[in-house]
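Notes to accompany the following structure.
The values are calculated or read from the model by the stated rules, or taken from the named source; none is laboratory data. Treat the numbers as computed from the prediction; the structure is a model and nothing was measured. All Cβ positions, glycine included, derive from the backbone under ideal geometry; neighbour counts span all protein chains shown. Just so you know, the surface numbers come from the protein's heavy atoms only, side chains and all, with ligands and any DNA or RNA stripped out. Shrake-Rupley method; radii C 1.70, N 1.55, O 1.52, S 1.80 Å.
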Amino acid sequence: MIYISKGIAGKASTTELVQVIRGSQSIYLSDMEAGVWLKGRFSFAYSRTPDEEHALQHLIRMGLAEAEVEENGDAKYWILSRCICCPAKTAKRSFGLSEGEKIILFWLVNAGLRLSTAELIYLMENKVEAKPELLHADNRQALVELIYTADTIRDNILENKMAAAVCRDSVLRDMLSLLKKKKILIL
């Protein structure tokens with residue numbers, strides 16, 4: 001099973017206990033659960049044994065991981081589409097990032113709302129320029145109206161359309177690279 005971990009490792013983590021912060025919750029993990037969570041912290045990981053599978057299922061029930069049975073590009077998209085990606089405190093610095101990573105990070109930092117994976121893919125697929133009238137909290141309604149039209153407003157239509165987008169895999173690759181570089185967090 002392919003998965004990715006959600007939450008932030010807390011400062012109270014030790015070698016025996018891993019503190020995971022997600023929202024206002026602080027959860028302590030140990031043993032197999034800690035190892036499984038840490039393995040999926042900065043990239044997709046795979047549960048290979050029954051013990052890992054059991055630990056992963058418990059993490060999913062606690063809201064600390066998202067997973068899919070199939071291990072392919074579609075699975076990666078659907079997993080990330082169920083996550084909230086937020087800019088980290090270090091996100092303002094873009095030194096050493098690719099052009100795609102810079103654009104995604106700029107949107108995440110300046111959009112004025114939390115953009116979903118499908119919304120980020122929409123912006124990249126349609127080459128939407130980050131104009132001032134689409135940025136920050138004062139202009140979030142304009143951005144939402146640009147993304148959600150009569151064709152995409154119904155339940156999961158945007159997610160399903162973006163699953164087949166040409167740039168989907170490159171956006172996912174850039175998002176995972178930003179995660180590894182600690183520029184974004186998955187909540």
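Could you please state how large a percent of the accessible area of the stretch 36-187 is carbon and sulfur, counting protein chains only and using a 1.4 Å probe?
Within the stretch 36-187, the accessible surface is 53 percent carbon and sulfur.
Lysine pairs, Cα distance under 16 Å, 8 or more residues apart or cross-chain: how many in the stretch 99-184?
7
Using the Karplus curve 6.51 cos²θ - 1.76 cosθ + 1.60 with θ = phi - 60°, what ³J(HN,Hα) values do you get for each residue of the stretch 151-167, in whole Hz, with x for Gly and Pro?
Those phi angles translate into 7, 10, 6, 5, 3, 6, 5, 4, 4, 5, 5, 6, 4, 9, 5, 4, 8 Hz.
Report the calculated FRET efficiency for residue 95 and residue 46 (r = Cβ-Cβ distance, R0 = 41 Å), to the nearest 0.05.
0.80
Remind me, what semi-axes does the chain give for its equivalent ellipsoid, largest first in whole Å, using sqrt of 5 times each Cα gyration tensor eigenvalue?
30, 19, 15
Residue 170 to residue 11: extension gain in nm, 0.36 nm per residue of separation minus the Cα-Cα distance?
54.0 nm is the gain from fully extending residue 170 to residue 11.
Report the label-to-label distance for residue 60 and residue 127 in nanometres (one decimal), using points 7 Å from each Cα along the Cα→Cβ vector.
About 4.0 nm separates the two model spin labels.
Which of 77, 149, 134 sits closest to the plus end of the dipole of the stretch 48-172, meaning its Cα is farthest towards the positive end, when Lys and Arg get +1 and Asp and Glu get -1 on the C-beta?
Farthest along the dipole direction, towards plus: 134.
Between residue 111 and residues 5 or more places away or on another chain, which pairs have amide H atoms under 5 Å apart, with H built 1.01 Å from N, and which residues are they?
Excluding prolines and chain starts, which carry no amide H, the hits are 136.
How large is ³J(HN,Hα), in whole Hz, for each residue of the stretch 172-187 in order, when computed from phi with the Karplus curve 6.51 cos²θ - 1.76 cosθ + 1.60 and θ = phi - 60°, using x for Gly and Pro?
Each residue of the stretch 172-187 in turn: 4, 4, 5, 5, 5, 5, 5, 5, 4, 7, 6, 8, 10, 10, 10, 10 Hz.
Express the accessible area of the chain per residue in Å², computed with a 1.4 Å probe while the remaining protein chains stay in the model.
So the chain comes to 54 Å² accessible per residue, rounded to a whole number.
So, in Å, what gap is there between the alpha-carbon centers of the stretch 137-187 and the stretch 45-116?
Value for the Cα centre distance between the two parts: 12 Å.
Contact order normalised by length for the stretch 28-134, with contacts defined as Cα pairs under 8 Å and 6 or more residues apart; what percent is it?
That works out to 19 percent.
At a probe size of 1.4 Å, how large is the accessible area of residue 69, to the nearest 10 Å²?
Result for residue 69: roughly 110 Å² accessible.
When the label point is put 7 Å from the Cα of residue 138 along its Cα-to-beta-carbon vector, which residues of the stretch 100-115 have a backbone N closer than 14 Å?
112
Highest mean first, how do 72-82, 15-25, 148-158, 113-123 rank when packing is the count of other Cβ atoms within 10 Å averaged over residues?
Listed from highest to lowest mean packing, they are 113-123, 72-82, 15-25, 148-158.
Could you give each residue of the stretch 137-142 its phi-based ³J(HN,Hα) in whole Hz, using Karplus coefficients 6.51, -1.76, 1.60 with θ = phi - 60°, and x for Gly or Pro?
Values per residue, Gly and Pro as x: 4, 5, 10, 5, 5, 5 Hz.
Report the full-extension gain for the segment residue 32 to residue 72: residue separation times 0.36 nm, less the Cα-Cα distance, to one decimal in nm.
11.9 nm
For the chain, calculate the relative contact order in percent as a whole number, restricting contacts to Cα pairs under 8 Å that are 6 or more residues apart.
The value is 25 percent.
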